[in-house]
Amino acid sequence: MISYNKNILLLTLCAGFIVSGCTEQKANSAAVSAKVDSAPTQLISNHEQPKQELLQALRFFEDSCGFVDGAKNNGFDASPSEKDFDAFKSSFIGHDSNAAFEDQYYLKPLSSIPKQYRKAIDDIQIEQDEEGSMRYSVYFKNSTYRDHDLDKLVIFFKPETDYAYDTLYFKNKNFVDLKPSFKQVYVDWLGGYSGAVFNLENNSVTCDYSR
């Protein structure tokens with residue numbers, strides 16, 4: 001079902017945990033949203049459904065934004081956590097480099113997201129501004145990072161530039177308890193330390209690559 005609201009295009013992809021036969025949609029200066037509707041669930045002894053832990057997919061943030069293992073080789077060797085994070089992002093970020101005039105980014109069908117992560121995602125929105133910058137917003141449901149409730153993940157980048165960052169948002173301010181687990185390492189070619197930055201005002205941690 002597709003509906004228009006001024007300059008915002010809302011695309012609702014197939015409901016359910018498994019989505020098949022969905023057409024990939026390209027984003028052209030618009031916002032696209034893929035909603036994962038909750039399937040009917042049964043109450044089991046009046047207990048809540050177990051939360052989905054996303055440590056493996058998002059450990060990149062605490063591993064100095066990918067430089068923990070790669071720093072010894074000047075950051076050019078991707079760490080295991082960076083590979084896991086890139087694989088997670090690539091499961092829903094589509095890129096067409098053979099477009100007629102310029103690269104195009106779009107939202108892949110939700111069926112391409114690994115099943116263990118699909119259950120933790122409520123909605124994904126993609127936006128492109130007038131300058132071509134891309135923003136993917138992944139809204140989580142019933143999911144945690146080291147037992148701390150997650151809100152959303154924002155992936156921002158401007159193609160063909162170094163302007164990019166990833167921000168992970170938590171639902172509660174107690175996320176600051178995680179700070180001892182987040183590492184910082186000195187990287188020679190950056191001329192400084194690499195690591196996620198905590199923001200206590202909006203309950204987030206950010207990996208900023210705009211250096």
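Extending 7 Å from the Cα toward the beta-carbon at both Tyr165 and Asn142 defines two label points whose distance is 3.3 nm. Shown for Phe198, Phe140: other C-beta atoms within 10 Å of each C-beta, ranked fewest to most, produce the order Phe198, Phe140. Determine which residues of the range 137-180 fall in the zone a paramagnetic label at Asn202 would reach in this model, i.e. backbone nitrogen under 14 Å from the point 7 Å along Cα→Cβ. Flagged as within label range: 137-138, 151-157, 165-171.
For the listed residue pairs Lys158/Lys183; Lys108/Lys171; Lys89/Lys183, the alpha carbons are over 24 angstrom apart in Lys158/Lys183; Lys108/Lys171.
When you filter the GluC sites (Glu not before Pro) in the range 113-186 for DSSP loop state and at most 12 other Cβ atoms inside 10 Å of their Cβ, you are left with Glu130, Glu131, Glu160.
Qualifying chymotrypsin sites (Phe, Trp or Tyr not before Pro) in the range 101-139, where qualification requires a DSSP coil assignment and no more than 15 other C-beta atoms within 10 Å, comprise Phe101. For the pair Lys183 and Lys89, a Förster radius of 22 Å applied to the C-beta separation gives a FRET efficiency near 0.60, rounded to the nearest 0.05.
Here the gap between Asp96 and Tyr209, fully extended at 0.36 nm per residue and compared with their Cα-Cα distance, gives a gain of 38.4 nm.
Every read-out reported here was derived from the displayed coordinates using simple, explicitly stated rules and does not represent laboratory data. Remember, it's a predicted structure, so these values are computed and weren't measured experimentally. A quick note on method: Cβ atoms are made from the backbone with ideal geometry, for glycine too, and the neighbour counts reach across all protein chains shown.
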